[in-house]
1. Compute the relative contact order of the range B:124-247 as a whole-number percentage, counting only Cα pairs closer than 8 Å that sit 6 or more residues apart in sequence.
2. Compute the Rg/Rh shape ratio of the range B:11-50: radius of gyration over Kirkwood radius, all on alpha-carbon atoms.
3. Each residue of the range B:55-70 in turn: what ³J(HN,Hα) in whole Hz from Karplus with 6.51, -1.76, 1.60 and θ = phi - 60°, glycine and Pro shown as x?
4. At 222 nm, what value in deg cm²/dmol follows for chain B if DSSP H runs of at least 4 each add -39500 (n - 2.57) and the sum is divided by all its residues, to the nearest 500?
5. Across chain B, how large is the tail of the calculated P(r) beyond 35 Å, expressed as a percent of all Cα pairs?
6. Report the net charge of residues surrounding B:Ile150, where surrounding means a beta-carbon distance below 13 angstrom and charges are Lys +1, Arg +1, Asp -1, Glu -1.
7. Which whole-number percentage describes the relative contact order of the range B:1-99, with Cα contacts under 8 Å and a sequence gap of 6 or more?
8. Taking only the Cα atoms of the protein assembly as shown, how large is their convex hull per residue, in Å³?
Amino acid sequence: MGSFNEFIHMGGYASYVWSSYGIVLLAFGLSIILPLREKRQLEKRIRRIIQNEQSSSSE
Amino acid sequence: MIMRFIYQLGSPPYFYALSGRLLPWLSGICLILFATGLYGGLVLAPADYQQGDSFRIIYIHVPAAWMSMFVYMVMAFSGAMALIWRIKIAEIILINSAHIGAVFTFLALVTGSIWGKPMWGTWWVWDARLTSELLLLFLYLGVLALYSAIDDKRKAARAVAILALVGVVNIPIIHYSVEWWSTLHQGPTITKFDKPSIDTRMLIPLLLMAVAHKFLYAIVVLLRARNDLLWRERRSQWVATLFKDGS
């Protein structure tokens, strides 16, 4: 592996190699980010449910 | 001792707490494995004498293909546990494996296609390996569709478990397809019983990447399972306690 340019060039297969790695990166990133975002929303909803129950039981 | 552990693991609060403690460790190990595996595969490993640098797609294609089958076996195994013992956690592992299993299968197909173009001269052939892998993708999508079509989630899990178990016949077909039928797809390089026909500098990054993918699967399935569990048990005492403690 001589230079950085050579590394990027991938012996002429750059478009194949880097598009594959790009798709994988995108798919794995989404697979992690989506459940994390869902968790934040769930926590909000559950907090609201618990608060509603508490306020209705105290009346 | 082991039975007690399995029994405890089946308890939602215990599973939730344990998985929460495990996740940071799993994430750290997973990142290290990906970093070393990618460096070894993209930088240190020599170019292939026939395929040049295009062979480097192997480091994402082969682990994804292995995972597509591994995740399916986990689904079938959890399905059997869910059917026999009605363990809620098994149902949750089963259904929350389907998304990431479909992702791995999709990636195996797409990266294989991108690799096939310069090496075989075509994006796709209807041979046994590619067709059975495509069938696997449809099995995952079928599991997801069936689950979302049934409102009662316990019933849905049982239906999905049966579908997952029936689909297991496809797994040996995928694995042996390159030996049973002649094809453009190359034969197994790693899982031959004699010496693997691959340079050690190429092999070690591949194994690192394979283990990294296993960790990634564990992380994604735990994240999803925890969300699922939290929502299903939202009216239970342990969830209320969890939120009272300000977490």
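The values are calculated or read from the model by the stated rules, or taken from the named source; none is laboratory data. Given the structure is predicted, the values throughout are model-derived calculations rather than measurements. Cβ atoms come from the backbone with ideal geometry, glycine included; neighbour counts cover every protein chain shown. Side chains included, ligands, DNA and RNA excluded: accessible areas come from the protein's heavy atoms. Shrake-Rupley method; radii C 1.70, N 1.55, O 1.52, S 1.80 Å.
1. 19
2. Expressed as Rg/Rh, it is 1.37.
3. Once rounded to whole Hz, the list reads 5, 5, 4, 3, 6, 10, 6, 5, x, 5, 5, 4, 5, 4, 7, 4.
4. -26000 deg cm²/dmol, from helical runs alone.
5. For chain B, the fraction of Cα-Cα distances above 35 Å is 22 percent.
6. Once all neighbours under 13 Å are counted, the net charge is +1.
7. Once normalised by length, the contact order is 26 percent.
8. Here the figure is 163 Å³ per residue.
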